[in-house]
1. Condition (residue is part of a helix (DSSP H, G or I), buried (at least 22 other Cβ atoms within 10 Å of the Cβ) and in contact with a Leu (Cβ under 6 Å, 6 or more places away or on another chain)) applied to the range 29-41: is it met by at least one residue?
2. Do you know which residues across the range 1-23 are farther than 11 Å from ALA127 by Cα, of a type outside the set (A, V, I, L, M, F, W, C) and touching a strand residue (DSSP E or B) at 6+ places or on another chain (Cβ under 9 Å)?
3. Inside the range 42-85, can you point out the residues that are closer than 14 Å to GLY115 by Cα, within 18 Å of the chain's Cα centre (by Cα) and of a type outside the set (Gly, Ala, Ser)?
4. Kindly indicate whether SER123 is touching a Gly at 6+ places or on another chain (Cβ under 7 Å), buried (at least 17 other Cβ atoms within 10 Å of the Cβ) and part of a helix (DSSP H, G or I).
5. Keeping to the range 42-55, report how many residues are more than 18 Å from ALA14 (Cα to Cα) and assigned to a helix (DSSP H, G or I).
6. Could you list, in sequence order, all residues of the range 86-119 that are touching a residue at least 12 places away in the same chain (Cβ under 8 Å), part of a strand (DSSP E or B) and within 14 Å of the chain's Cα centre (by Cα)?
7. Quick check, is ARG106 surrounded by 13 or more Cβ atoms within 10 Å (Cβ to Cβ), under 25 Å from THR135 (Cβ atoms) and either polar (S, T, N, Q) or at pLDDT 95 or above (or both)?
8. Across the range 1-22, what is the number of residues that are among the charged types (D, E, K, R) and over 18 Å from GLY51 (Cα atoms)?
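The values are calculated or read from the model by the stated rules, or taken from the named source; none is laboratory data. None of the values given here were measured: they were computed from a predicted structure. A quick note on method: Cβ atoms are made from the backbone with ideal geometry, for glycine too, and the neighbour counts reach across all protein chains shown.
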Amino acid sequence: MSLTINDAETLITAARQAADTTGVTASVTVLDAGGHLLAFRRDDRAVLISGETSTRKAYTALQLNAPTADLVDLVKPDGPFYSLPTALDRPLLFIAGGVPVHRDGRLVGALGVGGGAPEQDHSIAIAALQELTRTR
């Protein structure tokens with residue numbers, strides 16, 4: 001089963017609501033399992049770079065099948081993935097706010113949130129995932 005446009009819209013709406021609740025002006029990106037853009041939304045007041053960071057966070061979570069919040073320490077100078085951010089053609093971003101999306105135990109896409117502090121972006125992404133799980 002794949003991530004549908006309806007799923008993507010649920011994620012975008014839930015992330016927007018969570019961002020509004022926390023007072024964060026954010027960008028939200030949803031990618032399918034192939035890393036292709038499925039949905040995107042940038043709050044009118046969000047800083048422009050948040051669109052890029054939300055997309056890179058989603059891509060990183062997808063490629064490594066892990067929340068970006070769990071990967072931050074791995075790219076520090078003494079971490080095992082220290083050179084990974086610059087080793088690939090497509091840039092990865094190891095800042096909290098990206099989460100993989102699973103269905104029936106399979107990776108079907110990823111969600112990225114940018115615009116707030118890393119912890120805020122992560123909590124917004126988790127709230128959106130929880131809403132998707134609740135509505136399935």
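1. Start the filter on the range 29-41 by keeping residues that are part of a helix (DSSP H, G or I), which leaves none.
The answer is no, given that none of the residues of the range 29-41 is part of a helix (DSSP H, G or I), buried (at least 22 other Cβ atoms within 10 Å of the Cβ) and in contact with a Leu (Cβ under 6 Å, 6 or more places away or on another chain).
2. SER2, THR4, ASP7, GLU9 - these are the residues of the range 1-23 that are farther than 11 Å from ALA127 by Cα, of a type outside the set (A, V, I, L, M, F, W, C) and touching a strand residue (DSSP E or B) at 6+ places or on another chain (Cβ under 9 Å).
3. Once the filter is applied, which keeps residues that are closer than 14 Å to GLY115 by Cα, within 18 Å of the chain's Cα centre (by Cα) and of a type outside the set (Gly, Ala, Ser), the range 42-85 yields ARG42, ASP43, VAL47, LEU48, ILE49, GLU52, THR53, THR55, ARG56, LYS57.
4. Spelling it out, it is not the case that SER123 is touching a Gly at 6+ places or on another chain (Cβ under 7 Å), buried (at least 17 other Cβ atoms within 10 Å of the Cβ) and part of a helix (DSSP H, G or I).
5. So the count comes out to 3.
6. Within the range 86-119, GLY98, VAL99, PRO100, VAL101, LEU107, VAL108, GLY109, ALA110, LEU111, GLY112, VAL113, GLY114 qualify.
7. no
8. Restricting attention to the range 1-22, the residues satisfying the condition of being among the charged types (D, E, K, R) are 7, 9, 16, 20.
Of the ones still in play, those that are also over 18 Å from GLY51 (Cα atoms) are 7.
Within the range 1-22, residues that are among the charged types (D, E, K, R) and over 18 Å from GLY51 (Cα atoms) number 1.
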